[in-house]
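A.B. asks: Quick one: this structure, given as structure tokens, is what I'll be asking you about.
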Amino acid sequence: MKILLLGKNGQLGYELAKQLPAIAQLVALGREELDLTDLHAVAQAVQAHQPDVIINAAAYTAVDNAETDQVNCYLINAAAPSILASEAKKIGALLIHYSTDYVFDGSKTSPYEPSDTPNPINYYGYSKLMGEEGIKYSGSDYLIFRTSWVYHPDYGNNFYRTMQRLAKEREVLNIVADQHGIPNDARDLAADTVKLLQQPLAALKSTSGIYHLTAGLEAQTTWYDFAKTIIDAMPEKVCRQINPIPTSSYPTTAKRPMWSVMLSVMPS
Ligand SMILES: NC(=O)c1ccc[n+]([C@@H]2O[C@H](COP(=O)([O-])OP(=O)(O)OC[C@H]3O[C@@H](n4cnc5c(N)ncnc54)[C@H](OP(=O)(O)O)[C@@H]3O)[C@@H](O)[C@H]2O)c1
């Protein structure tokens with residue numbers, strides 16, 4: 001099996017690039033080899049490599065910047081995945097793509113299911129939803145895995161590592177306590193993807209659709225409680241106090257859903 005992986009330098013892409021060689025012949029590309037804003041090059045890369053599976057772990061993930069950098073965000077999160085899907089269809093490849101809890105507005109109070117109606121409240125969420133739609137309507141075989149609150153303890157920029165850094169710099173931290181979600185370790189997301197790919201490809205293709213890939217409802221938390229867990233486990237820190245604050249006390253350019261908890265639903 002030949003896999004074309006895009007986004008090899010992201011949190012998830014980095015882990016996939018480490019774990020996939022055990023099960024497949026891997027071609028892994030980063031932005032320097034393939035810029036997803038160059039849609040012609042995206043199509044060419046698929047045709048040049050002729051993979052059995054395309055895994056798209058690349059994305060425009062700067063949620064606040066996306067509000068003002070909409071063209072780039074749309075190209076990367078919506079247009080490029082749609083091109084990947086239509087090129088996948090031409091060669092009969094399976095497309096695996098990752099999406100986000102931010103396609104939902106967060107107004108629910110029970111876990112989101114894949115069949116719930118999306119209603120993004122920021123541009124990043126809108127662009128990811130448009131990526132989902134483009135893939136869905138391409139006619140290709142695809143698996144879209146929505147996930148949430150992705151972190152890697154040892155790699156990249158994420159909440160986990162930011163908390164570890166801040167806990168060494170500041171005695172008091174104020175952390176938002178009214179946004180609910182499920183943190184997901186990129187190592188687990190990659191491992192779940194690799195495990196799934198050990199099934200026969202024809203069987204996987206027959207399960208085409210949108211799924212929710214998360215650590216499970218028992219991992220549900222708030223940013224405040226997640227920060228406490230991370231910092232409590234640190235042997236050396238200067239942080240002595242973590243205060244819970246409401247979202248209204250931490251204004252951001254892009255709105256965030258208050259409730260991001262998704263039920264984990266994977267192909268059976
Ligand atoms: N991070 C989260 O909390 C979160 C939450 C829910 C869903 N997701 C989804 O999960 C997936 C993986 O996210 P992640 O956290 O691993 O993302 P990440 O760490 O931000 O990595 C994204 C990767 O995409 C690459 N990229 C951005 N623009 C590109 C372009 N024009 N051409 C080629 N590559 C480009 C980046 O390249 P550079 O390294 O060169 O910048 C980066 O390596 C994404 O689909 C994301 O939407 C993430």
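A.B. asks: Can you name every one of the helices (runs of 4 or more DSSP H) wholly within segment 1-77 that holds 3 or more residues which are more than 17 Å from the chain's Cα centre (by Cα)?
C.D. replies: Output list reads 39-49, 70-74.
A.B. asks: Oh, and also: I'd like the residue in segment 35-45 that is touching a residue at least 40 places away in the same chain (Cβ under 8 Å) and surrounded by fewer than 18 Cβ atoms within 10 Å (Cβ to Cβ) and, out of all such residues, is farthest from the ligand (Cβ to nearest atom).
C.D. replies: 43
A.B. asks: Sticking with this structure for a sec: Do we have any residue at all in segment 92-113 that's among the basic types (Lys, Arg) and out of contact with any strand residue (DSSP E or B) (no Cβ under 6 Å at 6 or more places or on another chain)?
C.D. replies: No: zero hits.
A.B. asks: Which residue is nearest to residue 231 (Cα to Cα), if the candidates are limited to segment 179-206 and must be away from the ligand (no atom under 16 Å from the Cβ) and loosely packed, with under 15 Cβ neighbours inside 10 Å?
C.D. replies: 195
A.B. asks: Mind checking which residues of segment 126-143 are over 28 Å from residue 200 (Cβ atoms) and surrounded by 20 or more Cβ atoms within 10 Å (Cβ to Cβ)?
C.D. replies: Once the filter is applied, which keeps residues that are over 28 Å from residue 200 (Cβ atoms) and surrounded by 20 or more Cβ atoms within 10 Å (Cβ to Cβ), segment 126-143 yields 126, 127, 128, 129.
A.B. asks: Does any residue in segment 12-34 that is within 16 Å of residue 60 (Cα to Cα) and crowded, with 18+ Cβ neighbours inside 10 Å come within less than 7 Å, Cβ to Cβ, of a residue that is among the β-branched types (Val, Ile, Thr) and modelled with pLDDT of 95 or more six or more places away or on a different chain, and which pairs are these?
C.D. replies: Filtered contacts from segment 12-34: 12/150; 34/42.
A.B. asks: Turning to a different aspect of this structure: Check 78, 57, 88 and return the single one that is within 24 Å of residue 8 (Cβ to Cβ), away from the ligand (no atom under 14 Å from the Cβ) and hydrophobic (A, V, I, L, M, F, W, C).
C.D. replies: From the options 78, 57, 88, the qualifying one is 88.
A.B. asks: Next question. Scan segment 150-167 residue by residue and report those that are among the aliphatic types (A, V, I, L, M) and near the ligand (Cβ under 7 Å from one of its atoms).
C.D. replies: Across segment 150-167, the qualifying residue is only 150.
A.B. asks: If only one of 227, 219 is closer than 17 Å to residue 171 by Cβ, among the small types (Gly, Ala, Ser) and in contact with a strand residue (DSSP E or B) (Cβ under 9 Å, 6 or more places away or on another chain), which one is it?
C.D. replies: 227
A.B. asks: Do we find a residue being farther than 22 Å from residue 20 by Cβ, of a type in the set (Phe, Trp, Tyr) and within 14 Å of the ligand (Cβ to nearest atom) anywhere in segment 132-149?
C.D. replies: So far as segment 132-149 goes, yes, one or more of its residues are farther than 22 Å from residue 20 by Cβ, of a type in the set (Phe, Trp, Tyr) and within 14 Å of the ligand (Cβ to nearest atom).
A.B. asks: Same structure, new question: Taking segment 1-32 as the search range and keeping residues that are under 16 Å from residue 152 (Cβ atoms) and among the basic types (Lys, Arg), which one is farthest from the ligand (Cβ to nearest atom)?
C.D. replies: So, considering only residues that are under 16 Å from residue 152 (Cβ atoms) and among the basic types (Lys, Arg), the one farthest from the ligand (Cβ to nearest atom) is 18.
The values are calculated or read from the model by the stated rules, or taken from the named source; none is laboratory data. This structure is a prediction, so every number in the text was calculated from the model and none was measured. Cβ atoms come from the backbone with ideal geometry, glycine included; neighbour counts cover every protein chain shown.
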